[in-house]
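**Student:** First the structure, which I've put down as structure tokens, then a few questions once you've had a look.
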Amino acid sequence: MGFHETNVAALTQAVAYMGRQFVFRGVTYKGIINELEADSVLSVGADAMQFAVAVYVRKTGFPVPSNGEAVYIDGIKHRIAMITSDSISYTLQLEHPTQ
């Protein structure tokens, strides 16, 4: 088994063990979702909360995402702010829709 195959197998096992469901484009997928982080950010007139979530998902069977698209986790809408990828996965950096 080569390096790429080893990484695919490890990701498959990790998603099966630690993965949670999320909805993208009306379809339910399973990926590794980090915990919500809330940071206070200075905003005009007051502090505002900025929420961030990262979703790690296999590319196989997942459509190519775009910035600004909606991702629902536990029924809460988030927006894709940034996408990173490698040969086997996407990492979707999400922000709360109020941002």
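Every number here is computed from the coordinates shown, using simple stated rules; none is lab data. Predicted, not measured: the structure shown is a model, and the values here were computed from it. Cβ placement follows ideal geometry from the backbone for every residue including glycine, while neighbour counts extend to all protein chains displayed.
**Student:** Residues with beta-carbon under 14 Å from that of Met82, excluding Met82: net charge, scoring Lys, Arg +1 and Asp, Glu -1?
**Tutor:** -1
**Student:** Still on this structure, I have one more. If the chain between Thr28 and Gln93 were fully stretched, how many nm would it gain, using 0.36 nm times the residue separation less the Cα-Cα distance?
**Tutor:** So the extension gain works out to 21.6 nm.
**Student:** For Lys30, what is the net charge nearby, where nearby means another residue's Cβ is under 14 Å from its Cβ and Lys, Arg count +1, Asp, Glu -1?
**Tutor:** +2
**Student:** So, counting K/R as plus one and D/E as minus one, what does the shell of residues with Cβ under 13 Å around Pro65 add up to?
**Tutor:** For residues surrounding Pro65, the net value is +3.
**Student:** What distance in nm separates the simple spin-label points at Lys59 and Arg20, each placed 7 Å from Cα in the Cβ direction?
**Tutor:** Going by the 7 Å Cα→Cβ label model, 2.6 nm.
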